[in-house]
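Data block below; observations after.
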Amino acid sequence: MHELIARPAVEVVDLLRRHEVTPAELLDALAARIAEVEPQVNALPTLAWERARSAAPAEPLCGLPVAVKDLTETRGVRTTHGSPIFADHIPEADDHVAERIEARGGAIYAKSNTPEFGAGAQTFNAVFGVTRNPWNTALTPAGSSGGAAVALKTGMAWLAHGSDLGGSLRNPASFCGIVGLRPSVGRVPKGPAADPWGSLSVEGPMARTVADVALFLDALSGPDPREPLSLPAPEAPFLAAAQAPRLPARVAWSPDLGGLTPVDPEVAALCEAAARRLERLGVTVEEASPDLTGAHACFQTLRALSFATGLADHLRDHRDKLKDDVIWNTEKGLALTGAEVAEALRMRGVLMARMRAFLAGWDLLLTPATIVPPFPVEQRFVTHCAGVRFESYVDWLAIAYAITLTGHPALSLPCGFTAAGLPVGLQMVGGWQGEAALLSAAAALEAELGLDPAPIDPRAPA
């Protein structure tokens with residue numbers, strides 16, 4: 001593996017600042033690595049070398065190559081949204097987040113694979129096919145930012161952009177052994193959107209280490225006058241917080257969010273062991289959970305509403321080109337009554353208030369990031385866990401989507417491996433708009449756990 005590929009993004013950016021390496025040399029290293037491993041995993045189906053080589057270096061990324069999710073419109077670069085409807089789509093303009101990446105010195109060189117319109121936490125679509133987990137290529141990397149996570153863990157990216165509605169930054173981070181952060185609503189530009197006031201889905205950073213995620217969050221953050229929920233830039237860089245690890249005083253550990261969801265016992269045990277590692281550092285760790293009763297119905301309604309808002313025209317005009325899950329979710333949204341929407345909006349307010357009250361007594365909430373280890377690529381979604389069967393393709397995501405509803409930032413941190421050698425992530429939930437403290441605490445736990453963040457070669461099933 002090329003020496004540059006294995007280095008953290010923070011170090012590579014320092015090399016760029018000191019002119020010890022050029023953006024062109026980094027792109028050459030990536031091209032060689034992609035040629036070597038991409039055929040085994042199918043993570044970056046669209047490459048944009050010409051665009052990347054013409055990008056202008058700027059702070060804070062200084063010309064570092066960045067992969068963006070194939071849900072993101074990129075001017076002049078094929079953008080399929082994982083759908084046959086857009087199989088040959090070449091956008092004439094960039095989404096706001098793509099603009100932000102290049103304005104902050106990132107060179108967009110690849111589009112990462114995603115399920116159709118990001119629907120479902122399993123990365124496959126009818127345009128490019130299935131993306132495979134590098135720890136075992138017979139298994140899925142989850143989704144919907146699955147291609148991004150795989151690219152990072154195989155050394156085909158230093159930084160990768162993703163998005164998260166029901167866990168799409170956190171689930172693939174857990175399944176692939178990298179770091180994924182769902183930031184606060186408005187922290188990162190997400191438009192143009194069918195509903196610019198929508199706050200379920202956010203854009204966010206993925207990387208191999210906490211510091212690298214913080215570096216990317218600095219590049220992504222800041223106000224955008226076109227977006228009504230946009231937040232101001234932080235007073236201090238997020239990278240500074242990550243590079244000054246600070247232990248929390250009191251942490252709540254919840255294996256299942258108070259019985260909200262079943263969790264595979266091995267996953268729960270690994271996550272609890274990681275949480276308990278904080279105790280040896282003097283942190284108070286106690287089992288406790290916010291009351292998130294009502295999250296299931298609330299999320300299902302608001303998710304369906306977002307599908308109806310964004311995809312109703314595609315359902316009307318291209319029903320034959322949509323996968324069943326997208327059809328089901330969009331039709332569910334179109335059939336909602338005003339009373340159902342009103343109740344979901346009211347309940348979301350209740351859940352947010354409960355979480356903020358709960359975290360008044362704790363610095364962090366820790367849970368599993370996902371409820372199962374990686375599963376076979378042929379399986380569309382998790383149908384059961386710990387004796388509980390799920391009714392739809394999103395039910396197994398409750399441990400992530402319940403946190404989505406609260407609006408709090410949440411990070412998936414690699415915390416261990418199953419007996420089969422598969423990675424597991426710990427979900428770390430921070431205070432309201434508290435990314436800095438969250439990143440600082442995550443960096444402290446990352447150092448304590450001491451897991452190797454280096455990229456790996458894809459591994460075929462034994």
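Observations
- Residue match in the range 21-28 (condition: out of contact with any His (no Cβ under 7 Å at 6 or more places or on another chain), small (Gly, Ala, Ser) and more than 24 Å from PRO141 (Cβ to Cβ)): yes
- On the stretch given as the range 264-287, residues that are touching a strand residue (DSSP E or B) at 6+ places or on another chain (Cβ under 8 Å), part of a loop (DSSP other than H, G, I, E, B) and open to solvent by 20 Å² or more (accessible area, probe 1.4 Å) total 1.
Conditions tested, residue by residue: (1) of a type in the set (Lys, Arg); (2) crowded, with 16+ Cβ neighbours inside 10 Å; (3) in contact with a strand residue (DSSP E or B) (Cβ under 9 Å, 6 or more places away or on another chain); (4) under 25 Å from VAL285 (Cβ atoms).
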position	(1), (2), (3), (4)
ALA312	no, no, no, no
ASP320	no, no, no, no
LYS323	yes, yes, yes, no
LYS332	yes, yes, no, no
THR337	no, no, no, no
ALA369	no, yes, yes, yes
ALA400	no, yes, yes, yes
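- Where strands (runs of 3 or more DSSP E) fall entirely within the range 166-255, those with at least 2 residues that are under 21 Å from the mean Cα position of the chain (by Cα) are at 179-182, 202-207.
- Of the set (1) within 30 Å of VAL127 (Cβ to Cβ); (2) modelled with pLDDT of 95 or more; (3) of a type in the set (D, E, K, R), all apply to GLU391 but (2).
- Screening GLU36, GLU102, GLU25, GLU92 for residues that are assigned to a helix (DSSP H, G or I), open to solvent by 20 Å² or more (accessible area, probe 1.4 Å) and farther than 25 Å from ASP457 by Cβ leaves exactly one candidate, GLU102.
- Here the condition is being in contact (Cβ under 8 Å) with a residue 60 or more places away in the chain and under 25 Å from the mean Cα position of the chain (by Cα); of ALA31, ALA43, ALA52, it holds for ALA43 alone.
- Within the range 428-442, if we keep just the residues that are open to solvent by 10 Å² or more (accessible area, probe 1.4 Å) and under 18 Å from the mean Cα position of the chain (by Cα), the residue that is nearest to LEU231 (Cα to Cα) turns out to be GLN433.
- Candidates LEU16, LEU71 - the one that is in contact with a Gly (Cβ under 6 Å, 6 or more places away or on another chain), crowded, with 17+ Cβ neighbours inside 10 Å, touching a residue at least 12 places away in the same chain (Cβ under 8 Å) and more than 15 Å from ALA160 (Cα to Cα): LEU16
The values are calculated or read from the model by the stated rules, or taken from the named source; none is laboratory data. The structure displayed is predicted, hence computed values, not measured ones. Glycine also receives a Cβ, built like all others from the backbone with ideal geometry; neighbour counts cover every protein chain displayed. Protein only, heavy atoms only, side chains kept; ligands, DNA and RNA dropped before computing areas. Shrake-Rupley method; radii C 1.70, N 1.55, O 1.52, S 1.80 Å.
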